[in-house]
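One structure is given here, and the rest of the page talks about it.
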Amino acid sequence: MLELIRDLWGFMRVRKKFWLAPILIVMLLLGALIVLTQGTVVAPFVYTLF
């Protein structure tokens, strides 16, 4: 996992694609939100956002 992050950072740095960083961060946060709320009472409220 750490190697993947290092490769992504290297790609963004070399190709000057820093605009990808916010997109990747938002995708990771949304994925973590869905995974963490999967079995809780909050799950129905999270799924209404999508």
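Being more than 16 Å from the chain's Cα centre (by Cα), among the aliphatic types (A, V, I, L, M) and in a helix (DSSP H, G or I) is a property that Val35 lacks. Arg6 meets each of the listed conditions (1) over 16 Å from the mean Cα position of the chain (by Cα); (2) part of a helix (DSSP H, G or I); (3) among the basic types (Lys, Arg) apart from (1).
Please specify each residue of the stretch 12-47 satisfying the condition of being open to solvent by less than 90 Å² (accessible area, probe 1.4 Å) and modelled with pLDDT of 85 or more.
Met12, Lys17, Leu20, Ala21, Pro22, Ile23, Leu24, Val26, Leu30, Gly31, Ala32, listed by residue number.
The values are calculated or read from the model by the stated rules, or taken from the named source; none is laboratory data. Predicted model only: the values in this text are computed from it and were never measured. Just so you know, the surface numbers come from the protein's heavy atoms only, side chains and all, with ligands and any DNA or RNA stripped out. Shrake-Rupley method; radii C 1.70, N 1.55, O 1.52, S 1.80 Å.
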